[in-house]
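Values quoted throughout were computed directly from the atomic coordinates according to the rules given, and no laboratory measurement underlies them. Every value quoted in this text rests on a predicted model; they were computed, and no experiment measured them. When we count neighbours, we look across all protein chains shown, and the Cβ atoms used for this are built from the backbone with ideal geometry, even at glycine.
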Amino acid sequence: MLQNRDIMEILSNLTSKFPTFFLTSIPGLESAHAWMSIPFCCLYAIALSGNTMILFIIITQQSLHEPMYYFLSMLSATDLGLTVSTLSTTLGILWFDAREISLDSCIIQMFFLHGFTFMESGVLVAMAFDRYVAICDPLRYTTILTNSRIIQMGLLIITRATVLMVPLLLLLKPLYFCRMNALFHSYCYHPDLIQLACSDVRANSICGLIDLILTTGIDMPCIVLSYILIIHSVLRIASPEEQHKVFSTCVSHMGAVTIFYIPMLSLSLVHRYGHSAPRVVHSVMANVYLLLPPVLNPIIYSVKTKQIRKAVLSMLLTK
C-alpha cells in the first residue's frame, strides 16, 4: 500500500514532464523485505561470482582461447551487465525502501538493461553460428571464425544494441505523465513506463516494436534455422555414439537459449495480454526474466562443458 508521503508525491506529479516514479518489489510482501533480501542477495552473489569466474578462467587459460569460449566470455560479460543494471534498485528497495526514481535515472537504467538484453540475444545467435560451423563445416572452422571476425561480430552486437536503444529512450523525454506513477517492477522497464504516460505514445510503441523485430524477431529464427541445419547434418552420421557426442556439444547453448527467451517472451505476453493478472505475477516474471539467465548460465556451462568444468575444479582445488 502507498503511504501518505507517496500519495502526496504522486499528486504533485500530475501532468508533470519530470515525474518521480515508484518502483515495486513483490506486492503484498512489503513487510518481509528484510527476509526477501536474503534469497535475492544469494542469487545476485551467484550470478556475479559465477560469471566473473567464467571470464577469469577463459582469460587466464591459454587452452580456452578458441572461438567457442570467446563467445562464452561475451555471454558472461552480458550476464554481468544485466545483473549490475538492476542490483542497485532491487536491493535498494529491499534494504532501504528506496522506491523513488526520476525519469532520467529510469532512462539510464533502461539503456543498460535493455541494451544488455539485446546484446545477449545477439551473442546467443553468434554462439549458434559457432555450433553450426563446428558441426556442419568443421574443416573450415578456424578459417571462418578467425579472431578478427569474432571481434567484428562483437562490435556489431554492441553497435546494434546502442543504435536501437538511443531513439527508443530519446522518445521518452517529451512525454508527460499524469497517472499514479507506480511501476510494476523493481527496475525501469520500457513497456511498463509508457503505460503511465498521458501523452501520445504511438511513436514509442512503434519504435519498441521495431526494436523487438530487429532483435528477437531476427535472432530467434536464426537460432532455430541453425539447429535445423545442425540436426539435418548430424542425422546423416551413421553411428548413434557419434550423433550423441555431436549433440552433447550443443546442450549448453540450447539451455542458455531456453532460459533466456522463454522468460522474456512470457514477460512480454504478460505485459501485452495480462492486464487483469495480479501485480505479483508481473513482479515474479520480471525477476525471473532478469535473474534466471545470469544465475544458471555459469552453472550450465560449468557442468556440461568438460573444459570449463576441469578448469573450475583445477582452480578451486589449487586454492
What share of Cα pairs, in percent, lie more than 26 angstrom apart in segment 31-314? 47 percent
Here, Val224 and Ile262, labelled 7 Å along Cα→Cβ, have an inter-label distance in nm of 1.7 nm
Pull out the extension gain between Ala203 and Ile108, defined as 0.36 nm times the separation in residues minus the alpha carbon to alpha carbon distance; nm, one decimal. 32.2 nm
Rounded to whole Hz, the Karplus (6.51, -1.76, 1.60) HN-Hα couplings of segment 137-152, x for glycine and proline: 9, x, 5, 9, 4, 6, 7, 7, 9, 7, 4, 5, 5, 5, 4, 4
Return the calculated 222 nm mean residue ellipticity for the chain, to the nearest 500 deg cm²/dmol, obtained by summing -39500 (n - 2.57) across DSSP H runs with n ≥ 4 and dividing by the residue count. -25000 deg cm²/dmol
Could you check the spin-label model distance between Arg272 and Ser233? Points 7 Å from the Cα along Cα→Cβ, value in nm. 3.2 nm
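Can you give the net charge of the other residues whose Cβ lies under 14 Å from the Cβ of Met119, counting K and R as +1 and D and E as -1?
-3
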15 Å Cα cut-off, lysine pairs counted over the chain (separation 8 or more, or different chains): 4
Which whole-number percentage describes the relative contact order of the chain, with Cα contacts under 8 Å and a sequence gap of 6 or more? 28 percent
Expected max-MSF residue from Leu225, Leu296, Leu94 in the GNM of the chain (alpha carbon, under 10 Å) is Leu225
Taking alpha-carbon centroids only, segment 85-127 lies from segment 158-185 a number of Å equal to 12 Å
³J(HN,Hα) computed for each position of segment 113-127 - Karplus, 6.51 cos²θ - 1.76 cosθ + 1.60, integer Hz, glycine/proline x: 4, 6, x, 5, 5, 4, 5, 5, 4, x, 5, 5, 5, 4, 5
Scalar couplings 3J(HN,Hα) for segment 41-54 by Karplus 6.51 cos²θ - 1.76 cosθ + 1.60 (θ = phi - 60°), nearest whole Hz, x for Gly and Pro, are 4, 5, 5, 5, 5, 5, 5, 5, 5, x, 6, 5, 5, 4
